[in-house]
1. Could you grab the pairs with beta carbons closer than 9 Å, sequence gap of 6+ or different chains, first residue in region 114-127 and basic (Lys, Arg), second one open to solvent by 10 Å² or more (accessible area, probe 1.4 Å) and part of a loop (DSSP other than H, G, I, E, B)?
2. In region 64-85, how many are under 11 Å from the mean Cα position of the chain (by Cα) and of a type in the set (D, E, K, R)?
3. Could you run through region 48-60 and say how many residues are open to solvent by 40 Å² or more (accessible area, probe 1.4 Å) and in a strand (DSSP E or B)?
4. Please list, ordered by first then second residue, the pairs with beta carbon atoms under 6 Å, 6 or more apart or interchain, first in region 90-108 and over 13 Å from ASP134 (Cα atoms), second open to solvent by 30 Å² or more (accessible area, probe 1.4 Å) and not in a strand (DSSP E or B).
5. Within region 39-47, identify whether any single residue is modelled with pLDDT of 90 or more, open to solvent by 20 Å² or more (accessible area, probe 1.4 Å), assigned to a helix (DSSP H, G or I) and under 27 Å from ASP117 (Cα atoms), and answer yes or no.
Amino acid sequence: MNQHRAIRQAVMVCLKSQGSGKGVVTWFDGRPGFLDVSDLPAVAVYLSDAQCTGDYLDGNNWSATLHIEVFLKATQPDGALDDQVENVVLPAMDTAGTLNGLLESIIPQGYDYQRDDQAMTWGSADVTYLLRYDM
């Protein structure tokens with residue numbers, strides 16, 4: 001299995017074991033291009049800015065930004081997004097360690113809110129982590 005796919009899958013397993021989404025949750029392995037109201041609530045796990053760091057002459061060390069984006073209906077306030085992040089995402093990632101040895105390190109990076117400006121379907125909270133790993 002490709003390293004990037006393995007990382008995303010391990011993160012989703014970790015989130016699901018924390019009880020993400022009591023009830024039906026749509027899971028996305030990658031950032032969805034389109035979300036329909038029937039897809040909500042949803043969680044997307046994806047990587048961005050993946051690049052070789054060149055830190056080691058004899059290795060293939062990489063860094064990337066891990067995104068765990070929680071999507072709820074646009075009618076939900078930011079507080080509902082905060083609840084999902086604080087009660088599911090953060091506790092799951094606190095116990096994730098190096099995701100069964102897939103990562104060299106995982107460092108919390110940021111937290112951002114977004115709203116669907118076109119269809120007004122969803123609001124999201126995007127939690128990001130800086131990853132370092134070998135390919």
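The values are calculated or read from the model by the stated rules, or taken from the named source; none is laboratory data. Everything numeric in this text was worked out from a predicted model, so none of it was measured. Here the Cβ positions follow ideal geometry from the backbone for every residue, glycine too, while neighbour counts run over all protein chains shown. Ligands, DNA and RNA are stripped out before the accessible areas are found, and what is left, the full protein with its side chains, is counted by its heavy atoms. Shrake-Rupley method; radii C 1.70, N 1.55, O 1.52, S 1.80 Å.
1. ARG115/ALA74
2. The number of residues fulfilling the criteria is 1.
3. Residues in region 48-60 being open to solvent by 40 Å² or more (accessible area, probe 1.4 Å) and in a strand (DSSP E or B): 4 in total.
4. Cβ pairs passing all conditions: PRO91/GLN18; ALA92/GLN18.
5. Looking through region 39-47, at least one residue is modelled with pLDDT of 90 or more, open to solvent by 20 Å² or more (accessible area, probe 1.4 Å), assigned to a helix (DSSP H, G or I) and under 27 Å from ASP117 (Cα atoms).
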